[in-house]
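Undergrad: Sharing a structure here in structure tokens format.
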Amino acid sequence: MFRNLLVSIVFFIGPALLMFIARNMVLIGMAWLKHRHKKELEQKIIDITPIHNHRHPNWFVIIVVIISMICAVTVFMELQHSDDVVPQEYVPAYTDDAGNIIPGHWQPKAPATD
């Protein structure tokens, strides 16, 4: 259960980071194009218009949170379905009575006896 929560957190943070990275790359590209266009015009006008320092719009943050929550909940719900998983245990390599080397392998776990 704890592992499932950690994986779900990764699937929440991952899409959010990717979306913010993609948005910032687009903004950097647009800023570069704008700067390139300004250099072509090369006018000496000083602009004293106040700049709004709000880095990203609220709707973008809401969309990021919704998509991340959908990914995290979907992964968590899928990880909870362990009906089709057969519990197994790893048997390390060993030598049998005849001296043959038996490589390590997975085998179904024996049912627990109380």
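Undergrad: Using a Förster distance of 22 Å, how high is the FRET efficiency between Met77 and His56, based on the Cβ-Cβ distance and rounded to 0.05? Could you put the intermediate results ahead of the total?
TA: Values: r = 29 Å, r/R0 = 1.33.
The pair Met77/His56 has a calculated efficiency of 0.15.
Undergrad: Ignoring the sites themselves, what is the longest stretch of the chain with no trypsin sites (Lys or Arg not before Pro) in a DSSP loop and at most 11 other beta-carbon atoms within 10 Å?
TA: 56-108
Undergrad: What per residue convex hull volume, in Å³, do the alpha-carbon atoms of the range 1-108 yield?
TA: On the way: hull volume 20.8 nm³, N = 108.
Hull volume over Cα atoms, normalised by residue count, gives 192 Å³.
Undergrad: Over the range 16-102, what percent of the accessible surface lies on carbon and sulfur atoms, probe 1.4 Å? Working shown, then result.
TA: Numbers: 5240 of 7930 Å².
Here carbon and sulfur together make up 66 percent of the probe-accessible area.
Undergrad: Sort 4-17, 57-70, 92-105 by the packing proxy (mean of other Cβ within 10 Å over each peptide's residues), most packed first.
TA: On the way: 4-17: 15.2, 57-70: 12.6, 92-105: 8.1.
Result, highest mean first: 4-17, 57-70, 92-105.
Undergrad: Would you mind working out the accessible area per residue for the range 1-103, using a 1.4 Å probe, and quoting it in Å²?
TA: Details: 9170 Å² over 103 residues.
Per-residue value: 89 Å².
Undergrad: Could you work out how much longer the chain between Glu42 and Met25 gets when fully extended? Use 0.36 nm per residue separation minus the Cα distance between them, nm to one decimal.
TA: Values: separation 17, 0.36 × 17 = 6.12 nm, distance 2.54 nm.
Full extension from Glu42 to Met25 adds 3.6 nm.
Undergrad: What is the magnitude of the charge dipole of the chain about its Cα centre, with +1 placed on the Cβ of each Lys and Arg, -1 on the Cβ of each Asp and Glu, and no other charges, expressed in debye to the nearest 20? Write out the running numbers ahead of the final one.
TA: On the way: 9 positive and 10 negative charges, 263 e Å.
Taking the Cα centre of the chain as origin, the dipole is about 1260 debye.
The values are calculated or read from the model by the stated rules, or taken from the named source; none is laboratory data. Here the structure is a predicted model, which means the values were calculated and not measured. Ideal geometry is used to build each Cβ from the backbone, glycine not excepted, and the neighbour counts take in all protein chains shown. SASA here: full protein model, heavy atoms, side chains in, ligands and nucleic acids out. Shrake-Rupley method; radii C 1.70, N 1.55, O 1.52, S 1.80 Å.
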